[in-house]
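The values are calculated or read from the model by the stated rules, or taken from the named source; none is laboratory data. Just so we're clear, the structure is a prediction, and the values are computed from it rather than from any experiment. Note that each Cβ is placed from the backbone with ideal geometry, even for glycine, and that neighbours are counted across all protein chains shown. Heavy atoms of the whole protein, side chains included, go into the accessibility calculation; ligands, DNA and RNA do not. Shrake-Rupley method; radii C 1.70, N 1.55, O 1.52, S 1.80 Å.
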Amino acid sequence: MNGNPSTSNPNVNPGQLPGAIHKDPDMVVFGFWVFMMSDLIFFGVVFAIYITMIGATAGGPGPRELFDFGSLFAQTMLLLTSSLTVGIATVTMKHQRSQASFLFWVVVTLLLGLGFLTLELYDFSQMAEKGGVPQRSGYLSAFFGLVPLHGLHVSFGCLWMLVLIAQVWKKGMLDIIKLRFLRLALFWHFLDLIWIGIFSIVYFGGWVYG
Amino acid sequence: MNEHGWLGKLDWDSLVFSKLITDPSVSEAVASTAGSIVIIATVAILGLLTWFRAWGPLWSEWLTSTDHKKIGIMYIVFALVMMTRGLLEGMVMRAQQAAAPDGFLYADHFAQLFSTHGTIMIFFVAVPFVVGLVNFVMPLQIGARDVAFPVLNQISLAVTVSSGILLMVSLVVGEFSTGGWSAYPPYTGADFNPGVGPDYWVWAIVFSGAGTTLTGINFTVTIIKCRAAGMKFFRMPMFCWTVLCSSILMIFAMPPLSVAALMLGFDRYLDFHFFTNDLGGNMMNYANLFWLFGHPEVYLLVLPAYGIFSEVFSTFSAKRLYGYKSLVIATMSIAVLSFTVWLHHFFTMGQSPTINIVFGIATMLIAVPTGVKVYDWMATMYRGRIRFTTPMIYSIGFLILFVIGGLSGVILANPTVDFQVHNTLFLVAHFHNVLIPGVLFGLLAGYNYWFPKAFGFRLNDRLGRWSAFLWVLGFMLTFFPLYGAGLLGMPRRSFSYMDLTFKPYMLVAFVGAMVVLCALISLVVQLVVSLKDRDKNRVPVGDPWDGRSLEWSIPAPAPSYNFVELPRVTDRDEFTEAKEQGRAYLPPKVYRDIEVPKNNPLGFILCVLSGILMFALVWYIWWLALVSALAIIVAVIASTFRWDSERVIPASQVQKDTEKWLEQVKKSRAIGRDLENTPANVGYAKLEH
Ligand code: HEM
Ligand SMILES: [Cu+2]
């Protein structure tokens, strides 16, 4: 079980895996799944708090006053597209296309992620202008506890991409880097899923029940 | 943002000693004494390390080590240090209540004591002790070279220790929270508690909690992915099963705590309204989050202890564990059920009777699998060849006392009864009754049981037995009276009382606490004496107790790579089976190079940086917080640029070690179990049934 690198992770396409990782790629990726499970609970709990606080606007602005669905639609599209491009990058890696095309798709993903973050920050500033700041009410605290938490994860993913780009650039497609990218891609898809939750529960649900 | 200047809220008056000068009272004297002990102990340790020129070895052998065994040992040392503090706080509280109504502490000081005591005992004694033992034992039991993620393991230790150090710092600078270990808002919010106390609590919990979550992930993956060939799930030793369940609890139960603590932090630092009284805050959310963590937490602690008891009962009865499968199923049921009962912690907070009754029944259900376990353990002993060693005394003490604690739990699970006794000392008696015999006795049994594997020599059994008896006696004297005082209506967390009916109970409890102190002292004496006599008690062959699982099949202390050749498992009691079939102590067919993870300074760096970060946050020193947070990010990124993380132990070295060991086996005489606590025992057990 240990020490013998299996190739049941076709996406990594590991070569002989000498030295650098004597660990089973399966194990590393599985470990990341378990981490995401824990992170999912983290999000789930924050979602639950949001749901219990939908009505707690304390006379302050609520969802209907604050949300800009045009911008939200754009954010959703950016994030969904980035999930696609990260998928393409994975496939490029799997079929061992050139390093340049792999890096290209990672950079595209990174730009889409940054675009998402820019729009999100812009949205927050718009909300603040309408008096929608977390200090205003329990509802807004819950909103700002949840949505930026996702944004923080996205920022973390972007930073991760930057580091990864630097590493590929410096070292080439080492197996260990491939494995790291595989986890990054999983993480990125995961954030997409969370966003869908945010869109439907926070924004749409807030709009309906708020 | 900074209205406080470069050092944030920090100034001379934050030092505990300055309060003694402005107010020379006994209460402040006690606080200053505690602060001085921290400072003197730190200076003494640093001085001793320098004197013995131990810095080099400390750095290369311990602080940067990625070996799961060493990390485990460091966890345990840390837990024992924190336990000393936690117990002393318990003594002081007992003294205060014994001296009531004219005690010697201020109300706030008493409140800080029970808050730090509870926080420390749960998060910095029980958790790290459990995690430490698991770290040491579990990979050996499943026949692995290491845990799945050695560097992550280091990081988990790092943040746990830095949070613990933060708690030590709170004795010297500033004050700790007065809000209890559960830190309920709005009392711990900025309106009622503007000082730094709750901030200490928040950051210690957030960081150590993150460490525990990561540990849970690490252990789960290790057990699922790194078992030796042939070790099917149902061939795992019982301890590994309990560890698996408890690790899964860590993964699922820690996030609610992190969320609760972070939200409390947001309320305090940024004026959010998650749990405030005004503007739509909702403190019941906190209670739910906290206990969504808090209840599974106690099972997270007690399950591994159950595992230890299972190993101990089976080894020292020289019998296969009775009802293995039922024990596994019971363990899993408890793990699942533990998530369904959190609401029994606030029966009195105004939900409907229907909800209370549902949660009451769910709570009582846990008694069923627990009962199964108790019968299995008794049946394991039945007609066994029982040896009354130190771990056995803890285990039998546990068996009897835990049943009492469990019964008082079933009583509390009845909402109508709970309405009468909640918030009284009855509750305090109950949870100490499950935590001390259930968790602490298990851990101490494990400490005595596996010590020889870690260090190569046995602990003194006579002193160990003394210590165990004192623990049992001290526990009973301290906590049984609290059941009585609680039924008479004495509230918990009261620094004084006027009704002198309580006094006799408090006096007995105080005497009990002194006995516990003696137990602690005897634990230290046991260690010192055993260290002195270590040459007489060495067990290099590695099997001092006629052990049954894989960890006993290798030398003591265990080599850094654990197994020369990864074992192939055919039975649940693999090592016993091997001994019976004469397969034990065979040389490997070939010697190969073994790769182990290299030393890594990352853990230590993160320990320092996260400590600075937490301190800066507590004291509102924003620039320092920013610098240290950035430094953490840089350190982590830099560490991903280390490409060669493995070190090779050459086959020749492995061969040399192993042949020396096998030579020793050949030279040794197998000894029977009646001589296991004599110098004749060199760790080569004669097979006896
Ligand atoms: C044997 C020595 C110990 C003594 C003398 C002792 C004493 C005390 C006392 C006096 C209190 C305050 C009770 C009150 O609320 O009025 C307390 C609370 C508590 N103790 Fe202990 N204790 C001991 C060991 C432990 C251990 C081993 C643990 C856990 C593993 C533990 C966990 C707690 C917790 C969680 C609280 C609640 C703190 C709070 O109210 O927030 N104690 N203990
Ligand atoms: Cu509970």
Requested in this report: State the Cα centre-to-centre distance between the range B:474-508 and the range A:110-126 in whole Å.
Outcome: 59
Query - Cα centroid of the range B:104-172 to Cα centroid of the range B:304-341, whole Å - result: 24
**Report entry** Rg in Å to one decimal, and Dmax rounded to a whole Å, for the range A:53-98 via C-alpha atoms
**Finding:** 19.0, 58
Query raised in the report: Which FRET efficiency value, to the nearest 0.05, is calculated for B:W55 and B:W623 with the Förster distance at 35 angstrom and r the Cβ-Cβ distance?
Result: 0.70
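Distances longer than 23 Å among the Cα atoms of the range A:45-148: what percent of all pairs is that?
Values: 2314 of 5356 pairs.
The proportion of pairs with Cα distances above 23 Å equals 43 percent.
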Requested in this report: Just report the Cα centroid separation between the range B:369-405 and the range B:559-610, whole Å.
Outcome: 30
**Report entry** Listed residue (B:S494, B:F469, B:P504) projecting farthest to the positive dipole end of the range B:458-505, Cβ model
**Finding:** B:F469
Query raised in the report: Considering every residue in A:28-41, what mean count of other chain Cβ atoms within 10 Å of its Cβ is obtained?
Result: 5
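Averaged across orientations, what area in nm² does the convex hull of the alpha carbons in the range A:116-160 project?
Projected area, direction-averaged: 3.0 nm².
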Report summary line: Share of Cα-Cα pairs in the protein assembly as shown beyond 53 Å, whole percent, is 15
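Average partner chain C-beta neighbours within 10 Å, per residue of B:638-650? All intermediate terms of the calculation are to be shown ahead of the outcome.
Numbers: counts 1, 0, 8, 5, 0, 7, 2, 6, 5, 0, 1, 0, 0.
Partner-chain Cβ atoms within 10 Å, mean over residues of B:638-650: 3.
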Report summary line: Given unit charges at Cβ for Lys, Arg (+) and Asp, Glu (-), the dipole magnitude of the protein assembly as shown about its Cα centre in debye, nearest 20, is 3000
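Can you tell me which of A:145-151, A:70-76 comes out highest on packing, and rank the rest after it, using the mean Cβ neighbours within 10 Å?
Numbers: A:145-151: 18.9, A:70-76: 15.4.
Final packing ranking: A:145-151, A:70-76.
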Query raised in the report: So how far apart, in nm, are the two label points at B:V77 and B:R385 if each is 7 Å from Cα heading toward Cβ?
Result: 3.8
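Using a 1.4 Å probe on the protein heavy atoms, what percent of the accessible area of the range A:139-192 belongs to carbon and sulfur?
Details: 1220 of 1680 Å².
Using a 1.4 Å probe with all protein chains present, the range A:139-192 comes out at 73 percent carbon and sulfur.
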Requested in this report: Round to the nearest 0.05 the FRET efficiency obtained for A:D68 and B:H4 when R0 = 41 Å and r is the Cβ-Cβ distance.
Outcome: 0.65
Query raised in the report: Expressed in whole Å with the largest first, what are the equivalent ellipsoid semi-axes of the range B:395-493 derived from the C-alpha gyration tensor as the square root of 5 times each eigenvalue?
Result: 33, 13, 10
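For the cross-link pairs B:K325/B:K686; B:K232/B:K325; B:K536/B:K579; B:K70/B:K666; B:K325/B:K453; B:K232/B:K686, which exceed 20 Å when the distance is taken from alpha carbon to alpha carbon? Present the calculation step by step, with values, prior to reporting the outcome.
Values: B:K325/B:K686 28 Å; B:K232/B:K325 13 Å; B:K536/B:K579 25 Å; B:K70/B:K666 29 Å; B:K325/B:K453 27 Å; B:K232/B:K686 28 Å.
Distance filter (> 20 Å) returns B:K325/B:K686; B:K536/B:K579; B:K70/B:K666; B:K325/B:K453; B:K232/B:K686.
How big is Rg to Rh over the range B:449-547, alpha-carbon atoms, Rh as the Kirkwood inverse-mean-distance radius? Don't skip to the answer; put the middle values down first.
On the way: Rg = 19.3 Å, Rh = 15.8 Å.
That ratio is 1.22, to two decimals.
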Query - Theoretical gain in end-to-end length, B:L662 to B:E646 [0.36 nm per residue, Cα-Cα removed] - result: 3.0 nm
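Roughly how big is the A-B contact, given as buried accessible area in Å² (both sides, 1.4 Å probe, nearest 100)? Walk me through the numbers before you get to the answer.
Numbers: alone 10600 and 27920 Å², together 34970 Å².
That pair of chains buries around 3500 Å² in total.
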**Report entry** Set of lysines with alpha-carbon distance to A:K170 below 29 Å, sequence-local pairs under 8 removed
**Finding:** A:K23, A:K94, A:K178, B:K598
Query raised in the report: Just from the alpha-carbon atoms, what are the Rg and Dmax of the range B:341-432 in angstroms?
Result: 16.4, 53
Query raised in the report: Volume per residue, Å³, of the convex hull around the alpha-carbon atoms of chain A?
Result: 115
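Given a 1.4 angstrom probe, what's the average accessible area per residue across the range B:495-648, in square angstrom?
On the way: 7080 Å² over 154 residues.
Roughly 46 Å² per residue, with all protein chains present.
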Query - Listed residues A:L84, A:G113, A:T57: farthest to the positive end of the dipole of the range A:17-159 (Cβ charges) - result: A:L84
Query raised in the report: Taking Rh as the Kirkwood radius, which is the inverse of the mean 1/r over Cα pairs, what is the Rg/Rh value for chain B?
Result: 0.96
Query raised in the report: Quick one: putting +1 on the C-beta of Lys and Arg, -1 on the C-beta of Asp and Glu, what dipole do you get for the range B:384-514 around its Cα centre, in Debye to the nearest 20?
Result: 520
Report summary line: Plugging the Cβ-Cβ distance of B:A229 and B:V336 into 1/(1 + (r/R0)^6) at R0 = 35 Å yields, to the nearest 0.05, a FRET efficiency of 0.70
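In peptide B:211-218, how many Cβ atoms from other protein chains are near each Cβ within 10 Å, on average?
Working: counts 0, 0, 5, 2, 0, 3, 8, 3.
Partner Cβ neighbours, averaged per residue: 3.
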Report summary line: For the protein assembly as shown, the charge dipole (Cβ of Lys, Arg +1; Cβ of Asp, Glu -1; about the Cα centre) points to a positive end, and the Cα of B:H68, A:G151, B:V16 closest to that extreme belongs to B:H68
**Report entry** the range B:108-207: mean projected area of Cα convex hull, nm²
**Finding:** 6.9
Query - 1.4 Å probe accessible area per residue over the range B:237-295, in Å² - result: 21
Report task. Using only the Cα atoms of the range B:170-310, construct the convex hull and provide its projected area averaged over every direction, in square nanometres to one decimal. Result -> 10.0
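Please give the peptides A:48-54, B:611-617, B:488-494 ranked by average Cβ packing (other Cβ atoms within 10 Å per residue), highest first, as a rough proxy for protection. Numbers along the way, then the final one.
On the way: A:48-54: 19.4, B:611-617: 22.6, B:488-494: 16.1.
Peptide ranking by packing, descending: B:611-617, A:48-54, B:488-494.
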Report task. With a point put 7 Å past each Cα toward its Cβ, work out how far B:I637 is from B:A670 in nm, to one decimal. Result -> 6.1
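Ignoring ligands, DNA and RNA, please state the percent of accessible area on the range B:533-588 from carbon and sulfur, probe 1.4 Å. Please list the in-between numbers first.
On the way: 1000 of 2150 Å².
So the carbon and sulfur contribution to the accessible surface is 47 percent.
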Query raised in the report: In terms of the Cα gyration tensor, with a ≥ b ≥ c the square roots of its eigenvalues, is the range A:153-193 rounded because a/c is under 1.5, prolate because a/b exceeds b/c, or oblate?
Result: oblate
Query raised in the report: Using 7 Å Cα-to-Cβ label points, what is the B:A41/B:Y269 separation (nm, one decimal)?
Result: 2.8
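At 1.4 Å probe size, put A:I88, A:I165 in order of accessible surface, largest to smallest.
Numbers: A:I88 60, A:I165 35 Å².
From most exposed to least exposed: A:I88, A:I165.
Size of the dipole of the range A:51-176 about the Cα centre, Lys and Arg at +1 and Asp and Glu at -1 on the beta carbon, nothing else charged, in debye to 20? Kindly include the intermediate steps, with their values, before the conclusion.
On the way: 7 positive and 6 negative charges, 77 e Å.
In debye, rounded to 20, the range A:51-176 gives about 380.
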